[in-house]
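Novice: This is the structure I have questions about; it appears just below.
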């Protein structure tokens, strides 16, 4: 697989992120790797589609950018499935509309797939790109709440699942018409996101690894930066995200536990819990006299997230026993 053709799928839905989307396009245009196309899938906002179409036509890029509107099922999973359908690449990569790729991003992706035939997908760091430096107190253990990566490994290794902000797969992962589960994933709620099951990336990875016998690779060199807006650190937003993360993982454990051991389904979360109780909380308590504000914020955030996630997990386990995943979305 010498210099495989890569399709980069990006979905967007709001004019609020228009400037961010243009920054992402610039970062893709600046890639050192040249054998790729970009599939832009817009939904909900005809104004965003029109503005982006005009921008691309007035400032033609040397890369192969293609623009589509998703008028089917709403949501990130559906938009990404449409992007896959319209793509031509041997490798299909995904990045969020409010992220920016490092100049070597695609080159590193191509190299990983060339070097390791035992992988069907890969992921890499999505480093927090704070809207304001004052937000950087947020504990790394909870970066998953703000769509960045928690406690990143320093070397390559196989992991349970890729993270949707920064991931790529061989085309065979989408064979036989399978794609992301449209009952899961964000539905374009933004700041006031409605209640929703999450984890379409996790479920997809568990499914394709089970079917193919191949692995998901974590590659620290496959880097992106992901914007963290102020609103994502508000207590209500954090609590809602944590609740639905717990709810979804309970549904996964119940649904997939018969095929994958319970520890396997929740292996990442169990490791994170150990880190929180054995390191984060003790250090925060010890530092309380020295750094009272930061330590207090960390402790309160930890209690908020653990409580919300735990309550969501309990509700999810109760619901999963009696209703389907589709019904769980509206529970």
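Just so it is clear, none of the values below were taken in a lab; they were calculated from the coordinates. All values reported here derive from a predicted model rather than from experimental measurement. A quick note on method: Cβ atoms are made from the backbone with ideal geometry, for glycine too, and the neighbour counts reach across all protein chains shown.
Novice: Label-point separation (nm) for residue 88 and residue 293, each offset 7 Å from Cα along Cα-to-Cβ?
Specialist: Result: 5.5 nm between the two label points.
Novice: Taking the structure as given and computing Cα extents along the principal axes in Å, which label from (i) 58, 41, 37; (ii) 55, 45, 39; (iii) 59, 46, 37 fits?
Specialist: (ii)
Novice: How tilted is helix 235-256 with respect to the longest principal axis of the chain? Cα atoms for both, answer in degrees (0 to 90, nearest 10).
Specialist: 80 degrees
Novice: Spin-label point model (7 Å from Cα, Cβ direction): what's the residue 176 to residue 318 distance in nm?
Specialist: About 3.7 nm separates the two model spin labels.
Novice: Out of 108, 55, 209, any idea which swings most in a Gaussian network model of the chain, alpha carbons joined below 10 Å?
Specialist: Among 108, 55, 209, the largest mean-square fluctuation in the Gaussian network model of the chain belongs to 55.
Novice: Sorted by packing (mean other beta-carbon atoms within 10 Å per residue), highest first, where do 226-234, 169-177 land? Provide the component values of the computation, followed by the final result.
Specialist: On the way: 226-234: 17.9, 169-177: 15.4.
Output ranking for 226-234, 169-177: 226-234, 169-177.
Novice: Okay, next question. Which angle from 0 to 90°, rounded to the nearest 10, does the C-alpha axis of helix 18-29 make with the longest principal axis of the chain?
Specialist: The helix 18-29 is inclined about 60 degrees to the chain.
Novice: What value, in deg cm²/dmol to 500, does the helix sum -39500 (n - 2.57) over DSSP H runs of n ≥ 4 give at 222 nm once divided by the residues of the chain?
Specialist: Numbers: 11 runs with 135 residues, N = 331.
Here the helix-only value at 222 nm equals -12500 deg cm²/dmol.
Novice: Let me ask something additional. What FRET efficiency would be calculated for the residue pair residue 53, residue 136, taking the C-beta separation as r and a Förster radius of 45 Å, to the nearest 0.05? Write down the numbers at each step before the final one.
Specialist: Details: r = 36 Å, r/R0 = 0.81.
Once rounded, the FRET efficiency stands at 0.80.
Novice: OK, next. Between the range 160-179 and the range 203-220, how far is it from one alpha carbon centroid to the other, in angstrom?
Specialist: 8 Å
Novice: Here's another thing I want to ask about it. Let a ≥ b ≥ c be the square roots of the eigenvalues of the Cα gyration tensor of the range 196-319; is it rounded (a/c under 1.5), or, if not, prolate (a/b larger than b/c) or oblate? The partial results should precede the final answer.
Specialist: On the way: a/c = 1.88, a/b = 1.59, b/c = 1.18.
It is prolate, given that a/c is not under 1.5 and a/b is the larger ratio.
Novice: Set the Förster distance to 41 Å, then compute FRET efficiency between residue 231 and residue 2 from the Cβ-Cβ distance, nearest 0.05. Mind dumping the intermediate values first?
Specialist: Working: r = 45 Å, r/R0 = 1.09.
Calculated value: 0.40.
Novice: Still on this model: Relative to the longest principal axis of the C-alpha atoms of the chain, give the angle of the C-alpha long axis of helix 46-58, reported between 0 and 90° and rounded to the nearest 10°.
Specialist: Around 50 degrees separate the two axes.
Novice: So how far apart, in nm, are the two label points at residue 29 and residue 273 if each is 7 Å from Cα heading toward Cβ?
Specialist: 4.8 nm
Novice: Let me ask something else about it. With springs only between Cα atoms under 10 Å apart, run a GNM on the chain and tell me which of 25, 39, 276 wobbles the most.
Specialist: 276
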